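Below is one structure, written out as structure tokens; the observations come after it.
Derivation of every value follows stated rules applied to the coordinates shown; laboratory data play no part. Since the model is a prediction, treat every value here as computed from it, not as a measurement. In this analysis, Cβ positions are derived from the backbone assuming ideal geometry, glycine residues included, and neighbour counts consider all displayed protein chains.
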Amino acid sequence: MAMGERQPKHQGELWIDPDDLPRAPSHPFYARLNAVLEENEIHFDRFVEELALPYYAEKIGRPSLPPSVYIRLLLIGYFEGIDSERGIAWRVADSMAPRAFLGYRLT
């Protein structure tokens, strides 16, 4: 039996653009909650950021999460029964529905 030789093969690209991935509908609860937070004159993100503005330094320290994103993370923890920030971060990293709720893309 003769030893075979490995034939060089060209491997295609490993990168897949996240916009090319198929999208399933988001979790209906988070989609509706986003709609409620943005409907009427609430404008949740702007409202929360204006409330928190006096408590943030302009140039000292590292920029933090936007206050509205932090509140949304706490809402995810509350609704899903997650009682630690590390658990919430794991849940958001693991699922597309909470990521869409926060306004974050896959990348």
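The fraction of Cα-Cα pairs per 5 angstrom bin, counted from 0 for region 26-107, comes to 3, 13, 23, 24, 19, 13, 5, 1 percent, rounded to whole percents. Residues of region 48-84 falling in the label zone of residue 29, defined by backbone nitrogen less than 16 Å from a point 7 Å along Cα to beta-carbon, are 72-84.
Placing a pseudo-label 7 Å from each Cα along the Cα-to-Cβ vector at residue 43 and residue 20 gives an inter-label distance of 3.9 nm.
Packing, taken as the mean count of other beta carbons within 10 Å per residue, orders the peptides 88-99, 66-77 from highest to lowest as 66-77, 88-99. The GluC sites (Glu not before Pro) of region 51-101 that meet both conditions, a loop assignment by DSSP and at most 10 other Cβ atoms within 10 Å of the site Cβ, are 58. I want to make sure I understand the PRE zone here: with the label point 7 angstrom from the Cα of residue 53 toward its beta carbon, which residues in region 63-86 have backbone N atoms less than 19 Å away? Of the residues in region 63-86, 63-71 have backbone N under 19 Å from the label point off residue 53.
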